[in-house]
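Take a look at the structure set out below.
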Amino acid sequence: MSEYIQKLNDAQREAVVNFRCPSLIVAGAGSGKTRVLTCRIAYMLEQGVAPDTILALTFTNKAAAEMRERIGQLLSPQATRRIWMGTFHSLFSRILRAEADKLGYPSSYTIYDASDARNLVKQIIREMNLSDETYKPGDIAARISLAKNNLITPGAYEANASLQAEDRERRRPQFVDIYKLYVQKCRQNGAMDFDDLLLNTNILFKDFPDVLARYQAQFRYILVDEYQDTNFAQYVIIRRLAEQHSNVCVVGDDAQSIYSFRGAKIENILRFRNDFPDARIFKLEQNYRSTQTIVDAANSIIEKNTKQIRKRSFSTAEQGEKIKVIKAYTDKEEAILIAGDIASTVREKDLSYSEIAILYRTNAQSRSLEESLRGRNIPYKIYGGVSFYQRKEIKDLLAYVRLVVNPKDDEAFRRVINTPARGIGDVTVNRIAAAAAERNLSLWEAVSTLSSDDMEMKGAAGKKVTAFAGMIGELSGMRATAEAYELGLEIAVRSGIIGTYKMQQTPEAVSALENIEELINSVRAYTDEQKRIAAESGDDAQARVTLDEWLQNVALLTDMDNEKPEERNKVTMMTVHGAKGLEFEYVYVAGLEENLFPSMMSLGNEEGLEEERRLFYVALTRAKRGAVLSFAESRFKWGEMTFCRPSRFLGEIDPKFLDIQFDADDLSAPEGGNDAPVRTAYGGRGGYRKQEAGRKDYTGNARTYYSGREQSRGERSSERPAQGGFRHAAAPVREM
Ligand code: ATP
Ligand code: MG
């Protein structure tokens, strides 16, 4: 028996070697669920299962990369090459690319991220002359997203009387018209948003039974990590694909279900046994990650939830340190105390910074923490926040690439036609749009085929537009022969983006140029990697990597991807949502206050509160050796000082697990149950506001930016998105 199998406990081993039947593994944090999946795949390969018959779905790209690497270490890197391993979105976007023609999309379809989607919604609301107060673009986009994740197309939506009534009640009866137009425009633009990747996969499988049969036959083994956070659209995809072989293995933990606001359903776990009646159920009870104190404290919290699958979870590790609770007067002081504690922990325990994480409920909390870490020269990296792919220069360049690859992409066209400024104003763009609409052309098709007269343009404007069209046409013509990175560089130069920043000489321009350079480098790196993979697997179809291919890949990247080794020895800062599945020696959870964690939105409804509690459970169970929980008595929110009460969650942990160095009465549960505590604007002690007003806003170069876009998608966004109208509103989100 291979060594890695021997190292498993009995229950884990059973779950690994019995890979020929549908399996359900529901177990607590740190019990080795992900490890079981990894070993199961390795074992299957050893038993002669062909790698390309395995479909392994993870929650993040990073998780997929780690799993692949781990299996590579157990067997050989080559062995893992052909496994279909990745997120729902990345794998099904690949399938959609191959089958795009059936759905009437180009195979080089564009993928819209959340901000693209919101911009399109905004534009539609404007075109329809609706008020963006009544029809808030963010809310509308969230509701469209939720509808799609529940497989409700505009047609189905319109036919649904209760949804219509709900919209009338909310005084936005035209929602469905916006939804319709949105879908129509995406299609015209040859674009899919993140939710479309799932919705269209479902449409493909439903409307083309032969295509479904082909993939059913191929994927004999389907494995899903973090199953508790799959939404309905994902669930249906899995169920359809598994119809033929019924060979699904899912692992998850109902206590860690933290995405219900975007449509994830714990019911998917409960339904599994009905869908696959001969499924075997494996129980993993031993926690290998954390000390007894952490496991027991986490259990004592989650017990407060009424909706949960009862399960045992114990640790045989040492008892370990108590959980330290830090109280501060202000959020600023909280940050300073945390930084101080990190510095001494690292020194005393001889840790590296990478073994430490600071988790928070909302991204807004990161700023004061950053400031204090910088004050102590502690290196850190932030995941989330303004991410690399959301920066203007990167969005601009990517829009050029999108337009070159997919000339129907009107959103990209609008973004770049006058960026950098080339004297083509709104009036001209509106004329182009009118002429295009009349003839049913995309904007680029219009400028490249119509005459100036057709578009009612005068000489000067006409010339500028023709020059622009000519440039895009030439770049597009290079796609067939040029290497991706050559073409990428060509686009950056010919578009004038590089030249414009070079002339500016400001620090912002220098940083923009660095970012552009990094993007071009990443094309190069991607090309090299793909070629290496092709060479290793004796596949010479990959002699050239096209820009189309790279673009699809890049649209799905997140903050966690492309981590550079020199950036590794840093404290990790991220939202609790972002930390799912990860582990660190020491974990700091900041801002444990009523109205923040649990969040204000969750108070007053039991379901929301239980989800916050699960989120807290996730936070605490990331810690291997130690956890530190902190709260402040006052905090700046929306520019105002507010008083805060300690989070009820602090009071819910059995005090015997806590190390409290202040009057513990402060932690008693807030009176009045779920009533939102008073949120007092600071009026009294004048010092605070003054002191806080002097803060600098550190953004831009000082941060470590990652090639990521998590925040853009809201996927990692810690804040509950605006309620879009369904019971749980969805952010237009997806981790790729
Ligand atoms: P989460 O619910 O947080 O995703 P999980 O159930 O997926 O947790 P893993 O991440 O797979 O848990 O495992 C937690 C830690 O325990 C990892 O460091 C893993 O390597 C270790 N571990 C799991 N099983 C064993 C084992 N049998 N022997 C030693 N270490 C183990
Ligand atoms: Mg896991």
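Cβ-Cβ contacts under 8 Å between residues 6 or more apart (or on different chains), taken from a first residue in the stretch 268-290 that is under 14 Å from residue 224 (Cβ atoms) to a second residue that is aromatic (Phe, Trp, Tyr) and loosely packed, with under 13 Cβ neighbours inside 10 Å, are absent. Quick one: in the stretch 602-625, of everything that is in a strand (DSSP E or B) and either within 16 Å of ligand 2 (Cβ to nearest atom) or crowded, with 24+ Cβ neighbours inside 10 Å (or both), which residue is nearest to the chain's Cα centre (by Cα)? Ranking the qualifying residues of the stretch 602-625, first place goes to 623. Among the residues of the stretch 13-41, those identified as in contact with a helix residue (DSSP H, G or I) (Cβ under 6 Å, 6 or more places away or on another chain) and within 8 Å of ligand 1 (Cβ to nearest atom) are 27, 32, 36, 38. Of the candidates 122, 102, the single residue that is among the charged types (D, E, K, R), without any contact (Cβ under 8 Å) to a residue 24 or more places away in the chain and either surrounded by 21 or more Cβ atoms within 10 Å (Cβ to Cβ) or outside any loop (DSSP other than H, G, I, E, B) (or both) is 122.
Residue-wise test of (1) out of contact with any Pro (no Cβ under 6 Å at 6 or more places or on another chain); (2) more than 22 Å from residue 183 (Cβ to Cβ); (3) among the charged types (D, E, K, R); (4) at pLDDT 90 or above.
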{"position": "395", "(1), (2), (3), (4)": "yes, yes, yes, no"}
{"position": "399", "(1), (2), (3), (4)": "yes, no, no, yes"}
{"position": "402", "(1), (2), (3), (4)": "yes, no, yes, yes"}
{"position": "415", "(1), (2), (3), (4)": "yes, no, yes, yes"}
{"position": "432", "(1), (2), (3), (4)": "yes, yes, no, yes"}
{"position": "435", "(1), (2), (3), (4)": "yes, yes, no, yes"}
{"position": "449", "(1), (2), (3), (4)": "yes, yes, no, yes"}
{"position": "456", "(1), (2), (3), (4)": "yes, yes, yes, no"}
{"position": "468", "(1), (2), (3), (4)": "yes, yes, no, yes"}
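If you go through the stretch 3-42 and keep only what is of a type in the set (A, V, I, L, M) and either without any contact (Cβ under 8 Å) to a residue 60 or more places away in the chain or more than 16 Å from ligand 2 (Cβ to nearest atom) (or both), you end up with 5, 8, 16, 17, 42.
Only residues that are in contact with a helix residue (DSSP H, G or I) (Cβ under 8 Å, 6 or more places away or on another chain), outside any loop (DSSP other than H, G, I, E, B) and among the hydroxyl-bearing types (Ser, Thr, Tyr) were counted in the stretch 444-480, giving 3. Residue 5 meets each of the listed conditions (1) closer than 28 Å to residue 536 by Cβ; (2) away from ligand 1 (no atom under 14 Å from the Cβ); (3) aliphatic (A, V, I, L, M) apart from (2). In the set (1) β-branched (Val, Ile, Thr); (2) away from ligand 2 (no atom under 16 Å from the Cβ); (3) assigned to a helix (DSSP H, G or I), residue 49 fails one condition alone, (3). The set of residues in the stretch 293-306 that are assigned to a loop (DSSP other than H, G, I, E, B) and touching a helix residue (DSSP H, G or I) at 6+ places or on another chain (Cβ under 6 Å) comprises 304, 305. Of all residues being in a loop (DSSP other than H, G, I, E, B) and more than 16 Å from ligand 2 (Cβ to nearest atom) in the stretch 229-265, which is surrounded by the fewest Cβ atoms within 10 Å (Cβ to Cβ)? Just the residue, please. Top of the filtered list is 243. Going by the structure shown, is residue 290 within 16 Å of ligand 1 (Cβ to nearest atom) and either out of contact with any helix residue (DSSP H, G or I) (no Cβ under 7 Å at 6 or more places or on another chain) or more than 23 Å from residue 616 (Cβ to Cβ) (or both)? Considered against the rule, which asks whether it is within 16 Å of ligand 1 (Cβ to nearest atom) and either out of contact with any helix residue (DSSP H, G or I) (no Cβ under 7 Å at 6 or more places or on another chain) or more than 23 Å from residue 616 (Cβ to Cβ) (or both), residue 290 comes out as yes.
One residue stands out among those in the stretch 53-88 that are of a type in the set (A, V, I, L, M) and surrounded by fewer than 21 Cβ atoms within 10 Å (Cβ to Cβ): the one that is farthest from ligand 1 (Cβ to nearest atom), which is 79. Considering the stretch 125-137, and only residues there that are of a type outside the set (Ser, Thr, Tyr) and surrounded by fewer than 19 Cβ atoms within 10 Å (Cβ to Cβ), the residue that is farthest from residue 182 (Cα to Cα) turns out to be 133.
The values are calculated or read from the model by the stated rules, or taken from the named source; none is laboratory data. Since the model is a prediction, treat every value here as computed from it, not as a measurement. Note that we place each Cβ from the backbone using ideal geometry, even for glycine, and neighbour counts take in every protein chain shown.
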